[in-house]
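Only one structure is covered here, and it is reproduced in the block below.
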Amino acid sequence: MNYKKFIAEKIKEIREIVGPGKALSVLSGGVDSSTVTVLGHKALGDRLKTVFIDHGLMRKNEPESVVKTFKKFGIKVATITAKNKFFKALKGKTDPEEKRKVISQVFYGDVFRKILQKSRIKFLLQGTNLTDIEETVAGIKFQHNVLEQIGISTEKKFGYRLIEPLIELRKNEIRKVAKILGLPEEIQRRIPFPGPALAARIIGEVTPEKISLIRKATAIVEEELKNSGAFQYFPVLLEDKATGIKGGKREVGNIIIIRCIESIDARTAIPTKLSWKILEKITKRLTTEIPGVNRICYDITPKPPATIEYI
Ligand code: XMP
């Protein structure tokens with residue numbers, strides 16, 4: 001693929017679609033939304049408004065670090081807080097697909113819609129990629145950002161139109177576009193993180209307490225595996241509990257799964273052969289630094305038959 005040509009074409013396309021108007025980019029800080037934000041900025045300059053939604057399901061320090069990185073890059077990002085909306089919508093929901101759909105509904109039908117209405121913007125720029133679309137269309141799982149391709153018209157339903165410049169590309173190709181656009185290395189190489197964020201890392205009901213636990217676990221796992229070179233790594237909190245011993249007493253505690261995989265484009269994946277030493281270190285940290293966690297398992301299932309995430 002000729003990436004320079006691709007970039008020039010997409011910039012032209014964005015300009016043509018938006019015309020003299022404005023567009024909104026919702027930045028999560030991942031490589032897809034970051035790439036789209038820079039494309040949109042190149043196409044529209046100040047006519048692109050960029051926001052970061054703090055939905056309460058993000059990783060440690062994520063809102064601050066995304067805003068800071070883009071400021072250095074010359075793009076102003078406004079943070080919009082919407083924590084209560086997501087927790088309220090997720091209350092009592094345990095089915096994985098229902099959780100995904102609820103999150104998508106709050107994003108598109110409520111949060112994005114209100115920002116767009118208030119700023120009188122008609123276009124939403126987003127970084128949907130080819131794997132997201134294929135998995136949703138095939139009925140494997142409903143990726144939060146796939147709507148038009150399954151017959152949901154945001155224009156008819158919510159009054160704004162989606163612009164998706166990356167739908168032909170997979171993760172490895174998007175990283176190449178990001179590099180040519182001059183995005184910082186830390187963004188180019190960022191491990192994938194799903195739109196439903198930490199809610200995708202909790203089996204069963206998502207509560208602020210469970211999010212707080214998985215946020216701490218995610219910080220530990222990411223810190224320990226950042227030099228692993230793996231495609232993606234993260235912990236998952238199970239719904240079941242296990243009997244353990246802490247301080248000589250019985251503790252019915254939480255079970256955390258560690259997932260670390262090798263992949264090129266997230267279509268297939270194989271587990272990383274992590275050393276026993278690193279697994280022991282992660283286990284020790286998770287069980288000592290997070291109260292109520294007493295059992296850690298390493299998942300060695302490839303995709304297929306598993307998917308990368310648990311919900
Ligand atoms: P699965 O679990 O389907 O994940 O094997 C494939 C890749 O996609 C990411 N993922 C998502 N990304 N919205 C996203 O933007 C979503 O709803 C979503 N679900 C999964 C996942 O982290 C993996 O890299």
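The values are calculated or read from the model by the stated rules, or taken from the named source; none is laboratory data. Keep in mind that this is a model prediction, so the values were computed, not measured. Ideal geometry is used to build each Cβ from the backbone, glycine not excepted, and the neighbour counts take in all protein chains shown.
Worth pointing out:
- Test result for GLY29, part of a loop (DSSP other than H, G, I, E, B) and within 27 Å of GLU223 (Cα to Cα): yes
- Of the candidates GLY195, GLY92, GLY159, GLY151, the single residue that is under 24 Å from TYR233 (Cα atoms) and small (Gly, Ala, Ser) is GLY195.
- On the stretch given as region 76-119, residues that are among the aliphatic types (A, V, I, L, M) and either part of a loop (DSSP other than H, G, I, E, B) or more than 16 Å from the ligand (Cβ to nearest atom) (or both) total 6.
- As a summary of the residue check, GLY151 satisfies the conditions (1) at pLDDT 95 or above; (2) away from the ligand (no atom under 16 Å from the Cβ); (3) surrounded by fewer than 18 Cβ atoms within 10 Å (Cβ to Cβ) except for the one numbered (1).
- For the condition hydrophobic (A, V, I, L, M, F, W, C), within 16 Å of the ligand (Cβ to nearest atom) and in contact with a Cys (Cβ under 7 Å, 6 or more places away or on another chain), ALA230 qualifies.
- The single residue among LEU166, LEU130, LEU124, LEU90 that is buried (at least 21 other Cβ atoms within 10 Å of the Cβ), at pLDDT 95 or above and more than 20 Å from HIS55 (Cα to Cα) turns out to be LEU166.
- Breaking point among (1) touching a residue at least 60 places away in the same chain (Cβ under 8 Å); (2) within 17 Å of the chain's Cα centre (by Cα), for PHE52: (1)
- Residue ID - farthest from the ligand (Cβ to nearest atom), chosen from residues in region 188-209 that are surrounded by fewer than 17 Cβ atoms within 10 Å (Cβ to Cβ) and in a helix (DSSP H, G or I): GLU209
- Residue list for region 126-148, restricted to those being more than 10 Å from the ligand (Cβ to nearest atom) and in contact with an Asp or Glu (Cβ under 8 Å, 6 or more places away or on another chain): LEU130, GLU148
- Any hit, region 14-25, residues being over 23 Å from the mean Cα position of the chain (by Cα), crowded, with 21+ Cβ neighbours inside 10 Å and under 29 Å from ALA82 (Cβ atoms): yes
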